[in-house]
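Heads up: the structure comes next, in structure tokens.
The values are calculated or read from the model by the stated rules, or taken from the named source; none is laboratory data. Just so it is clear, the structure is predicted and the values come from calculations on it, not from any experiment. For neighbour counting, all protein chains shown are included, and Cβ atoms are generated from backbone atoms with ideal geometry for every residue, glycine included.
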Amino acid sequence: MTRECAALLPGVCAALADPRQPGLDDTCLEKLLDWFRSLTWFDPTVELVQDNPCLTELITSVLALPEPSPSILSFTLQLAGILASSENRFQHLQQEKLLGRLFGRAGPVGGALWEDPSVRSGWVKGVHSMVHHLPALHFLCSAGVMDVIFTLQGDPSLFVASAASQLLVHVLTFSVESETSKPLSTKDCDWPACAQMILKHIEESLQSSCASHIEHSLKLLTSLFGSCYAAWTEVLWLNIAKQIESFLMEETVQAQHMLANLLLNVARSPVFSDTEGSFWALVTSALEHLTPVQAGPLAVGLLRLCKCPQDVRIQALTVLLQPMDCILRAASQPLEYAGLLDESVTDPVTVESLLSSKTSCAGLLCQTLAHLEKLLSLKHLRVDLPCVSLLRSLITILQFCNGFLTPTSPLGSTISRNLINCFRVQKSALDVLAALSEKKGCDTLIRSLFDVLLAYLESPNTSPTVLKKAFQATSKWLACLQELSCSNSQCQQTEKILEDVFLVLQKRLCSPCWEVRDSSLEFLTAMIKCLRDQDGFRQSLLSSEVPRLAENLLEDPESYVRASAVTAVGHLAFITYLAAESPVAGNQYNKENTVAKLQEILSTDSEGFPRRAVISIFTKWLREGCTGQLEDTEQFVSRVIQTVEHDLDWEVRLGGLELVEVFCSKTICQLGLSECPYAPESSAVTSSTQQNLLQVFCRAKLFGFLFQSLCDCDKPVGQRACDVLIGLRGNFYPISTLENPQEIEDSPAGCGIAWLQRTLRQGSLAQNFPTDGGNGVDFQDPESMMVALGAIDLLELHDELNKSSDHVEESPQSLLQDILATVGTIEENEVDCY
Amino acid sequence: LSAFSLCPGAGQDVGRSCILVSIAGKNVMLDCGMHMGYNDDRRFPDFSYITQNGRLTDFLDCVIISHFHLDHCGALPYFSEMVGYDGPIYMTHPTKAICPILLEDYRKITVDKKGETNFFTSQMIKDCMKKVVAVHLHQTVQVDEELEIKAYYAGHVLGAAMFQIKVGCESVVYTGDYNMTPDRHLGAAWVDKCRPDLLITESTYATTIRDSKRCRERDFLKKVHETVERGGKVLIPVFALGRAQELCILLETFWERMNLKAPIYFSTGLTEKANHYYKLFITWTNQKIRKTFVQRNMFEFKHIKAFDRAFADNPGPMVVFATPGMLHAGQSLQIFRKWAGNEKNMVIMPGYCVQGTVGHKILSGQRKLEMEGRQILEVKMQVEYMSFSAHADAKGIMQLIRQAEPRNVLLVHGEAKKMEFLKQKIEQEFHVSCYMPANGETTTILTNPCIPVDISLGLLKRETAIGPVPDAKKPKLMHGTLLMKDNSFRLVCPEQALKELGLAEHQLRFTCRVHIQDPRKEHETVLRVYNHLKGVLKDYSVQHLPDGSITVESILIQATAHSEDQGTKVLLVSWTYQDEELGSYLTSLLKKGLPQSTA
């Protein structure tokens, strides 16, 4: 603790204990606790409490108050817990006889203020912080505290109940790990007293007939097995496994829904990695006995495990595929498709009845689809997914949802009735469809897949959110299509599909709904990104109306759409006039015209998104070397800089700096200077190149922008400008001179630079960088700029900018000052909001 | 029906809102607010409490946002794009338009900080807004086949709404923040007499009868005017939207009336869009604005001009609105630094400031500020705090309860002590239960759901045929068999139910023994009984069968002598379930004994 803080602390403590003071902002108290946590974390000594007696005085006086406010009492409990987290300080507080009065039976437990959940929460948190050494553990057992924690598991406040459960896990783990030296057996007498109390409590509640007691214990066990992988957990498991098994079999106990999580956490624990044994038999039984909805999360969790018996994996996959299998069978004519599965884990009638009920059908399918999406995203799935059948089932679901398929079987027609126009299922199915595009071997179904996708893209019934997903899936599959299309017949098919896609896109780009226009433009950009090298794609795109419509949307009334249009048009440019061999002739796609339009948006658009989109597209063009010869580029960059330096949006200014950075490195490369400042260069060559370089940069008006940005009122801009300048300087000054910047004398020539040096030495605090360009500093004079780069201590400035990167003062000293100042103000400012 | 608030912190917490309501099997999340006082996990609600099993998208049926303030919508992009909720989100049209501006504004000042991670991006805000379904006032929106929602005017800010959530005949009204007295640009909140099972109301100003907003406005104008008159500069740090527009209208009309010349500037590029929306959603403002709109649009400001950074150094008086609102970064802070040293100048803070910001420091009276650990900035300018927020006070809350006539009231968004007072008042005056759960506490309310049942035509015809002529105003009791199948309920006649379910009918017979004192022979007793019944039950078919038993319709009576006492005869009466009425009448008749005259 700094001296300043130590001096402020007594005042703060006195203010906190004063009942006449108006309530403090909750966040102040929380932040104060954060600070004490950080102070005690690495320091177990008693000094903190000894040197600051005001802390124990605060606890004493709050305890002495006849009616402390709940928030102060809660704060005090937490503070005491944090202080008591080390044995030394614990003993100190014990000597003062404070802990019993706070956490024992004599404390707030059961009193009037105990009604307030914030007090109970503070109590639990306090105890949790305290239990990091044996004396605290013994205190818990002897002061009757354990029973209070057990009761709090069923607290009306979910927050308190959950904290109590976490606390029990912590106490149990800590007790076993700190109080035993030899491996534990099932015999009770081996276990430490505190652990025994908790185990007994768990076992008793599991055997009780009260559903909530069972639930509490299952919750506790779930988080225990999720967080503790010690060998003794196996002993614990063996004690309760029978009971858990009975919950699976008995339908009377409503605990099944919690078993999946518990079993999954146990399965994840390395203690149970042995693939033989009764545990996996229990898991298998769970997959059979839980309902499909309950078993789903367990199944998907099992499939993500590295170590899991293969037969359990296959069974888990079967559980997940069962609804899809059912869909396929329900949709097909007899004997057309065999479905997905050879045999099922549970009775297919269960899944069938869930799918034929209106209420459960969508829920089960959405859950299954989400799980399948998760599986598809896994890098290493240790079972084979039947991708073709899966794709067929997805197509079927999507057809059910838009009414394109009305099967004859009774089950099929019920399911299709349940699913028609169901957005939730549509979205989930499209997500899986997109994920499935990365799997190989689905080419046989391509045509019917695109039929469905196009139907969705075309249909006026498709909701904007569904449409977005349909676009995403389409662009993913289009990319696959291009990879596939080598043979002639496939080529024709691809052409036809692209033609259809662009027809739909044309219509969608004119939608009255901005969400749709925006998604359409995003889709266009995504397509160009992955297909721009494909001739077929380029030709189809350019022969459609899409490019013209996209360009029109640069003037859309909705700013989000304008921004997306900027990005799309920027990418379009890659296949029109920026491409090496442009396929288009004539002035239909006029480069100057587009650049002028984007420039216009950059300088006049009233909103940040489109301007940000323009600057990032310009940077992208520059990075890909598409802006023409060096001189063109120079003028282009110079124009852009002059536009963005006055932008009100700091992210646009930041984008401008990024553009400058790319421009610099491109220019350096082109002029033959190595990009690496450390590379050995012959000085003669370098010096003339340097001159050239400086001239280019000065003509492009880079330096004025960079130096002024150092004083930008938004920190990230200053930091970035400093980075760019440091990078630039490396090209002009050898590394050895960087450490000792030159001192500029106040001679007439160096006067401006000296002023700049002084101004910047005050760092960003100066905040008064003259907008007219500074006291005679000529930012376009190569010589002056060379001097400036050498003279200004950019590294120091860089440190300074990094240090003070945040205007929300987070130091503890400031916090203490704020608390003192707040309690000093008599009037309580009214609560307000934004 | 149950409700609970899942903002972190165990007590009642003033500020952000996030409430989960479960009604008739549907789960709805009301608002998704953030706390600006933290920059770690604590700023967002802990969504893991919503459900431990399964995905949020499967669990929640929809999310409803009441208005665009960040303490009600600030966590929404985090929830939908980072936590992964992918279901429907509802808000009004103005909220949908304005909400992303505020989110974007806040994102910009948050990512400005070093090392700020775990925060949503611009793209995420857009993707989130694309999932939003905008609703009109009083439009009933069908979320799914059972769940419907309806928005009512709340008058708190532009586009603020109260929402009615209804499943079958169960309903909840959630007020969000609201204001019962019309102000300069908004009207008063209004809701139907919809008699919801539960009214969830904010209670920020639960015990305050506030001084009128007019007073606060007069005070504000006076202070600005005085400063400008003595040649000082006024800085008003604001967020891009909301308060800013309100104060603009105020100053604009005042400048017009007083013919003032000092310039007023607006420093942010975002306002143009904001002003545009106020123009666009003119129907959401109050009557006065709408009326005058034809002659002059209230949001077409004549005196307020765009600010340029260079203007801050201009001599002479001026008023500047600058972002951000807590003086912790960007332009407002830059201008503050320039002007702080002059006692002629003034800064007016029109809203809440988070601890650690310069705004918070000067409001708590600190006058020597350490700027970035190096320079000391001495604040000589005047510092004023002014709250303009439009919440209902105790009177307003009572008024709304009177309007809606709820069966239960739940208070949120307030301090425990103040809420306790209001709770008692509500319970006394309206005789309804009032709850004030802490965050994390679940309130469960019992409702009497009415479940619609289809009735078969056959049954309807049969039932109407036997009773009196049906009367639309009088409820009628019907007998039938309730079939619950595939989530539908149908009342059919028993025969049909049996047929549909493929069941055979069981015969249920009641038997009863009646003892009669009669020393005669059994057949004589039977004859006496027969004659007696024939005399009493003239309209029924009473028969004496050859085997010695009597039937009255389907009821069978047999007589035997008592095994121990020959003077007593035992009559065995037996009847079917269908003739229950007649059967019990007969037994009671026989229990009275046989009349002497027939002897």
Q | Top-ranked residue in the range B:425-476 [being among the aliphatic types (A, V, I, L, M) and closer than 21 Å to B:LEU1 by Cα; ranked as modelled with the lowest pLDDT] | A | B:ILE451
Q: Any residue in the range B:335-361 that's closer than 28 Å to A:LEU32 by Cβ and more than 8 Å from chain A (Cβ to nearest Cβ): show its pairings with residues that are hydroxyl-bearing (Ser, Thr, Tyr) and surrounded by fewer than 22 Cβ atoms within 10 Å (Cβ to Cβ) at Cβ separation under 6 Å, as long as the two are six or more apart or on different chains.
A: B:MET349/B:TYR385
Q: Go through the residues of the range B:339-347 one by one and say whether even a single one is in the same structural domain as B:ILE264 (by the TED database) and assigned to a helix (DSSP H, G or I).
A: yes
Q: Take the residues in the range B:407-456 that are small (Gly, Ala, Ser) and outside any strand (DSSP E or B), then tell me which one is nearest to B:ASP177 (Cα to Cα).
A: B:GLY414
Q) Does the range B:450-482 hold any residues that are surrounded by 14 or more Cβ atoms within 10 Å (Cβ to Cβ) and in contact (Cβ under 8 Å) with a residue 24 or more places away in the chain, and which are they? A) B:VAL453, B:ILE455, B:SER456, B:LEU459, B:ARG462, B:GLY480
Q: Quick one: count up the residues across the range B:486-518 that are outside any strand (DSSP E or B) and under 14 Å from B:LEU571 (Cα atoms).
A: 1
Q. Quick check, is B:ARG402 modelled with pLDDT of 85 or more and surrounded by fewer than 21 Cβ atoms within 10 Å (Cβ to Cβ)?
A. yes
Q: Having 2 or more residues that are assigned by the TED database to the domain that holds A:LEU29, within 38 Å of the chain's Cα centre (by Cα) and surrounded by 22 or more Cβ atoms within 10 Å (Cβ to Cβ) is the bar; report the helices (runs of 4 or more DSSP H) wholly within the range A:44-115 that clear it.
A: A:70-83
Q: Being more than 8 Å from chain A (Cβ to nearest Cβ), within 16 Å of B:LEU333 (Cα to Cα) and free of Cβ contacts under 8 Å to residues at least 40 places away in the same chain is the filter here, so list the residues in the range B:371-408 that pass it.
A: B:ILE376, B:GLU378, B:VAL379, B:VAL383
Q: May I ask you to list the residues in the range A:355-388 that are away from chain B (no Cβ under 11 Å), of a type in the set (Lys, Arg) and part of a helix (DSSP H, G or I)?
A: none
Q. All but one of (1) buried (at least 16 other Cβ atoms within 10 Å of the Cβ); (2) assigned to a helix (DSSP H, G or I); (3) free of Cβ contacts under 8 Å to residues at least 60 places away in the same chain hold for B:SER588; which doesn't?
A. (1)
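Where in the range B:1-111 are the helices (runs of 4 or more DSSP H), entirely inside, with at least 2 residues that are of a type in the set (Val, Ile, Thr) and more than 11 Å from every other protein chain (Cβ to nearest Cβ)? Step through it out loud before you land on a result.
Details: elements: B:56-59, B:70-73, B:93-111.
Per the criteria, B:93-111.
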Q.
Of everything in the range A:14-30, what is assigned to a helix (DSSP H, G or I) and farther than 16 Å from A:SER74 by Cβ? Give them in sequence order.
A. A:ALA14, A:ALA15
Q) Which ones in the range B:125-155 are touching a Phe, Trp or Tyr at 6+ places or on another chain (Cβ under 8 Å) and more than 17 Å from B:TYR90 (Cβ to Cβ)? A) B:LYS126, B:GLY155
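Might you let me know whether the range B:534-543 holds any residue that is in a strand (DSSP E or B), more than 60 Å from the chain's Cα centre (by Cα) and modelled with pLDDT of 85 or more?
yes
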Q. Which of the residues that make up the range A:31-43 are assigned to a helix (DSSP H, G or I) and either surrounded by fewer than 19 Cβ atoms within 10 Å (Cβ to Cβ) or not charged (D, E, K, R) (or both)?
A. A:LEU32, A:LEU33, A:ASP34, A:TRP35, A:PHE36, A:ARG37, A:SER38, A:LEU39, A:THR40, A:TRP41
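May I ask you to say which residue of B:GLU427, B:GLU420 is in contact with a strand residue (DSSP E or B) (Cβ under 8 Å, 6 or more places away or on another chain) and surrounded by fewer than 20 Cβ atoms within 10 Å (Cβ to Cβ)? Write out each step before concluding.
Values: B:GLU420 fails: in contact with a strand residue (DSSP E or B) (Cβ under 8 Å, 6 or more places away or on another chain).
Exactly one residue qualifies, and that residue is B:GLU427.
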Q) Somewhere in the range A:123-131, is a residue without any contact (Cβ under 8 Å) to a residue 40 or more places away in the chain and under 38 Å from the mean Cα position of the chain (by Cα)? A) no
